[in-house]
1. Would you confirm, using the coordinates I've provided, whether Arg52 is over 11 Å from Gly2 (Cα atoms), surrounded by 13 or more Cβ atoms within 10 Å (Cβ to Cβ) and out of contact with any helix residue (DSSP H, G or I) (no Cβ under 6 Å at 6 or more places or on another chain)?
2. Which of the residues spanning the range 29-66 are part of a loop (DSSP other than H, G, I, E, B), in contact (Cβ under 8 Å) with a residue 12 or more places away in the chain and within 14 Å of the chain's Cα centre (by Cα)?
3. Hey, any hits in the range 1-23 for a residue that's surrounded by 10 or more Cβ atoms within 10 Å (Cβ to Cβ), modelled with pLDDT under 95 and in contact with a Lys or Arg (Cβ under 8 Å, 6 or more places away or on another chain)?
4. Could you give every pair whose Cβ atoms fall below 7 Å, whose first residue belongs to the range 5-28 and is in a loop (DSSP other than H, G, I, E, B), and whose second residue is surrounded by fewer than 10 Cβ atoms within 10 Å (Cβ to Cβ), counting only separations of at least 6 or pairs across chains?
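The values are calculated or read from the model by the stated rules, or taken from the named source; none is laboratory data. Only a predicted model underlies this, so the values are computations on that prediction, with no experimental measurement involved. Neighbour counts run over all protein chains shown; Cβ positions are idealised from the backbone, glycine included.
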Amino acid sequence: VGQYLQPTPQHHTIDRFWTAEEFEEIERLAYAKGFLMVSASPLTRSSHHADRDFAILKQRREAGAL
């Protein structure tokens with residue numbers, strides 16, 4: 001989950017910027033709902049970290065942490 005950034009003036013405008021605390025709350029809620037991996041921050045680019053995140057999930061599963 002990340003902050004929308006308006007790429008050009010022709011795209012939808014930004015209504016507001018979310019705070020770091022709001023992203024932390026989103027992350028907390030997602031884990032509470034059972035999500036196994038959450039990335040929530042203003043500049044999250046989840047596809048850039050997908051390989052790392054899947055490796056972490058695999059390690060956790062193998063260790064019996066999930």
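1. On the way: over 11 Å from Gly2 (Cα atoms): yes; surrounded by 13 or more Cβ atoms within 10 Å (Cβ to Cβ): no; out of contact with any helix residue (DSSP H, G or I) (no Cβ under 6 Å at 6 or more places or on another chain): yes.
Criteria not met by Arg52.
2. Step one: list which residues in the range 29-66 are part of a loop (DSSP other than H, G, I, E, B), which gives 33-45, 63-66.
Imposing the further condition that a residue be in contact (Cβ under 8 Å) with a residue 12 or more places away in the chain reduces the set to 36-45, 66.
The answer is Leu36, Met37, Val38, Ser39, Ala40, Ser41, Pro42, Leu43, Thr44, Arg45.
3. Yes, some residue in the range 1-23 is surrounded by 10 or more Cβ atoms within 10 Å (Cβ to Cβ), modelled with pLDDT under 95 and in contact with a Lys or Arg (Cβ under 8 Å, 6 or more places away or on another chain).
4. Pairs that qualify, where the first residue is in a loop (DSSP other than H, G, I, E, B) and the partner is surrounded by fewer than 10 Cβ atoms within 10 Å (Cβ to Cβ), are Gln6/His12; Gln6/Thr13.
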